[in-house]
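Asker: Before anything else, here's the structure in question.
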């Protein structure tokens, strides 16, 4: 039987504690995580712009844990969702307040380039992406995060939700090389041994659809 437990003690210097946080709101958010048994590992982001890749994503609880961790870090991470969600009364404004950004999925042409330009047009822009795109099992990852990182020339933070050890890890940073197999090997290494709430639903770390958009 595979043992999903992983020793995180080597990352002790990165463990976030209330004493390290400057505001009451941040300390309160971290204590909420601690109340539910979670620890958080963090080191400064590798630049003012990038993509936080969250894996494995197998439960609705992932969003709640991620939201509280966002408050603990006090960083304005963004996330993308279909534009119809933001047209709903009250909820649309709430989603924006949480960092949501609408995307018109009826016009996919040029979406990667447009998002890259948007990222690089701001002083600080970190985008959270769950490459599985669903809490249910799928045979691969969606490839949008990969193409976006290359187009925008930004790094990744490989965020893991390890339910076996109750550790949320923000310490794994990666610059893509453009060699897909080499990059995927590095990503697999970073996520090795990390178990979602429902491990059987975690997608294999393989890219699915290829980018059809021209770079011209």
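The values are calculated or read from the model by the stated rules, or taken from the named source; none is laboratory data. This is a predicted model, so every value here is computed, not measured. Don't worry about glycine lacking a Cβ; one is built from the backbone with ideal geometry, like all the others, and counts go over all protein chains shown.
Asker: From the residues in the range 75-99 that are within 17 Å of the chain's Cα centre (by Cα) and either at positive phi or modelled with pLDDT of 80 or more (or both), which one is surrounded by the most Cβ atoms within 10 Å (Cβ to Cβ)?
Answerer: In this case the residue turns out to be 79.
Asker: In addition: Do we find that residue 109 is modelled with pLDDT under 95 and closer than 21 Å to residue 187 by Cβ in this structure?
Answerer: Values: modelled with pLDDT under 95: yes; closer than 21 Å to residue 187 by Cβ: no.
It is false that residue 109 is modelled with pLDDT under 95 and closer than 21 Å to residue 187 by Cβ.
Asker: May I pose another question? How about the range 9-38: which of its residues are closer than 15 Å to residue 167 by Cβ and either surrounded by fewer than 11 Cβ atoms within 10 Å (Cβ to Cβ) or modelled with pLDDT under 95 (or both)? Walk me through how you get there before you give the answer.
Answerer: Just the residues of the range 9-38 that are closer than 15 Å to residue 167 by Cβ, to begin with: 9-17, 30, 33-34, 36-38.
Across the range 9-38, the qualifying residues are 9, 10, 11, 12, 13, 14, 15, 16, 17, 37.
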